[in-house]
Amino acid sequence: MEFDPIVKFLQGKTILVTGATGFLSKVFVEKILRLQPKVNKLYLLLRAQDEESALQRLNDEIISTELFKVVREKWGSEFNHFLSSKVVVVAGDISSKNLRIKDSTLRQKMQKEIEIVVNMAATTNFFERYDVALDINTFGALNVLNFGKKCDKVKLFLHVSTAYVCGEQKGIILEKRFYMGEKKETTNLDIIDERRIAEKKLDQLRHQSPSNEALTMKMKEFGLKRAKLNGWPNTYVFTKAMGEMLLGKFKGEFPLVIIRPSMISSTYKQPFPGWIEGLRTIDSVIMSYGKGRLTCFPGNLNSALDVIPVDMVVNAMTVAMEVHYANHQYSQETIYHVSSSLQNPMKISDFRKFMHSYFIKNPWIDRNGQSVKVGKEMVISRADLFSLSMKVKYVLPLKVLYLVNILSAQRLKKVYTKHDRKIKFVIRLAELYKPYECFSLPNSFDGRNLEKLEKVAEERGIEVAEFDFNSKNIDWGDYIMNIHIPGLLKHELLRTMFMGILMLPRLSKLKCYIAE
């Protein structure tokens, strides 16, 4: 392994990583530290007010995770020393000029040493505040690019986007760039004007003096409105698309590689199978189905659910770094779709079968210790039929319950609130994920650039098993039932236990109050 071109390449390199506490970023950092302990330095930019807060985030949100157990076991008692010699935590914020790095000495040192910039900082909330999403996903990307341009030795800028910047395009989605002012439907997009529009809306809301919660909700709704007006389904993909436009416009001769993954899921193989953090994309569907809360969902059984394990995305990023750095493609912009819908599609019908099989054999145990029985989730292919089904089965009975609750002097308020919350959750879940389940075959993401990258990697002698990013190698049934869902449930169990520990002090206080 020490003779692998990528392992050699990483030796002595200094890399800036933004968004270091993110799911993908953690797997990337772990991979570098595990493969090449002789990497010179990893500058990890974390959103924090000062170095102390940044160090706390590094320990709490990155290093202490199970993900790093392989590296931790390898170094044993020397782990902390190894880490401190390779990782430099930087307090900052990509939404500001110079990434809000207050320490000028540190900033100058970084600009003298950094050779590769990897930008993974993003807000992935589909329903984010418009001003926040613009600051991070759009203009934040430009701020990182401008910082990279000031680095004396930098030879590559790698930016992680999302395959869904395509919006609601149909057919084969090509690995091609966006252009400033690109027309979507009936509008001509002006990114600078979008920022002015967002700022104007924010000022208007502040003058109206709504509560912070009301202002946040209004800005979220405004972002969704602007996205749909310009031809994108949600704020996240809209602002990420605009970020790509700015990078393409202002990169100049700067070498730019854009990685566009589809829906990222748990690790397939490395550093071990099934590691996940938080509910990712399809996971809300899996958990809701397993708990018996989801009985129908909009989609097409023949559609491809485009999922890609996180370690495969990291492998593609790492190989792309080595290949582009070695070839010095300074003026070239290359985009890679890291996806599965074209090479090895998992249909929604397959996904439904895998979920059903798993929870029949391993039922969810509810709070009462009872096994939750799951049926075959009904997938409704037409949005209008799904809407009608929801109205007939749930919304109309809920309205009747609402009236009965009023007539009974609010005696059924808890029951009504519970069912109202569940129904709204399902409808909102369906609405948010609808754009990601519309890839009726042959609609899919083109991967010709990624195929070329794989061939170049083989020609350069890169170890394919260690850096595999070919989705054709995934056995979906084995992955979903034996790796992903068990990993997801393990994470959910650990999260629940952690929340319980946090509640202990509150519960003890409650007992004291009762005693008094």
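Observations on the model:
- Where Glu194 falls short, out of the listed (1) closer than 30 Å to Phe9 by Cα; (2) open to solvent by less than 20 Å² (accessible area, probe 1.4 Å): (1)
- Subset tally (residues that are in a helix (DSSP H, G or I), in contact (Cβ under 8 Å) with a residue 12 or more places away in the chain and either touching a strand residue (DSSP E or B) at 6+ places or on another chain (Cβ under 7 Å) or of a type in the set (D, E, K, R) (or both)) for the stretch 217-234: 4
- Residue within the stretch 173-185 that is touching a His at 6+ places or on another chain (Cβ under 8 Å) and closer than 24 Å to Tyr325 by Cβ present: yes
- Cβ-Cβ under 8 Å pairs, at least 6 apart or on other chains, the stretch 194-211 side assigned to a loop (DSSP other than H, G, I, E, B), far side open to solvent by 80 Å² or more (accessible area, probe 1.4 Å): Pro210/Lys218
- If the condition is being farther than 27 Å from Ser371 by Cβ and either at pLDDT below 85 or of a type in the set (Ser, Thr, Tyr) (or both), then the stretch 264-298 contributes Thr267, Tyr268, Pro298.
- Number of residues in the stretch 35-52 that are open to solvent by 50 Å² or more (accessible area, probe 1.4 Å) and more than 15 Å from Val17 (Cα to Cα): the value is 5.
- Search result, residues across the stretch 300-323 that are open to solvent by 10 Å² or more (accessible area, probe 1.4 Å) and closer than 21 Å to Phe359 by Cα: Leu301
- Arg57 meets each of the listed conditions (1) under 25 Å from the mean Cα position of the chain (by Cα); (2) basic (Lys, Arg); (3) under 28 Å from Ile462 (Cα atoms) apart from (3).
- Selected residue (criterion: nearest to Met317 (Cα to Cα)) from residues of the stretch 168-186 that are at pLDDT 85 or above and touching a helix residue (DSSP H, G or I) at 6+ places or on another chain (Cβ under 7 Å): Glu175
Here's the yes/no breakdown for (1) open to solvent by 20 Å² or more (accessible area, probe 1.4 Å); (2) touching a residue at least 24 places away in the same chain (Cβ under 8 Å); (3) out of contact with any helix residue (DSSP H, G or I) (no Cβ under 6 Å at 6 or more places or on another chain); (4) closer than 27 Å to Pro261 by Cβ:
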site: His81; (1), (2), (3), (4): yes, no, yes, no
site: Thr105; (1), (2), (3), (4): yes, no, yes, no
site: Lys112; (1), (2), (3), (4): yes, yes, yes, no
site: Phe127; (1), (2), (3), (4): yes, yes, no, yes
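- Residue in the stretch 416-439 that is modelled with the lowest pLDDT, counting only those that are in contact with a Leu (Cβ under 7 Å, 6 or more places away or on another chain) and of a type in the set (A, V, I, L, M): Val426
- Filter result for Ser95 (open to solvent by 20 Å² or more (accessible area, probe 1.4 Å) and in contact with a helix residue (DSSP H, G or I) (Cβ under 7 Å, 6 or more places away or on another chain)): yes
- Some residue of the stretch 248-267 being aromatic (Phe, Trp, Tyr) and part of a strand (DSSP E or B): no
- For Val257: the one exception among (1) free of Cβ contacts under 8 Å to residues at least 12 places away in the same chain; (2) crowded, with 22+ Cβ neighbours inside 10 Å; (3) not acidic (Asp, Glu): (1)
- Verdict on Ala214 being modelled with pLDDT under 95, small (Gly, Ala, Ser) and not in a loop (DSSP other than H, G, I, E, B): yes
- Under the condition of being of a type in the set (S, T, N, Q) and more than 22 Å from the chain's Cα centre (by Cα), the residues counted in the stretch 207-265 number 5.
The values are calculated or read from the model by the stated rules, or taken from the named source; none is laboratory data. Only a predicted model underlies this, so the values are computations on that prediction, with no experimental measurement involved. Cβ coordinates were reconstructed from backbone atoms using ideal geometry, including for glycine residues, and neighbour counts include every protein chain displayed. Heavy atoms of the whole protein, side chains included, go into the accessibility calculation; ligands, DNA and RNA do not. Shrake-Rupley method; radii C 1.70, N 1.55, O 1.52, S 1.80 Å.
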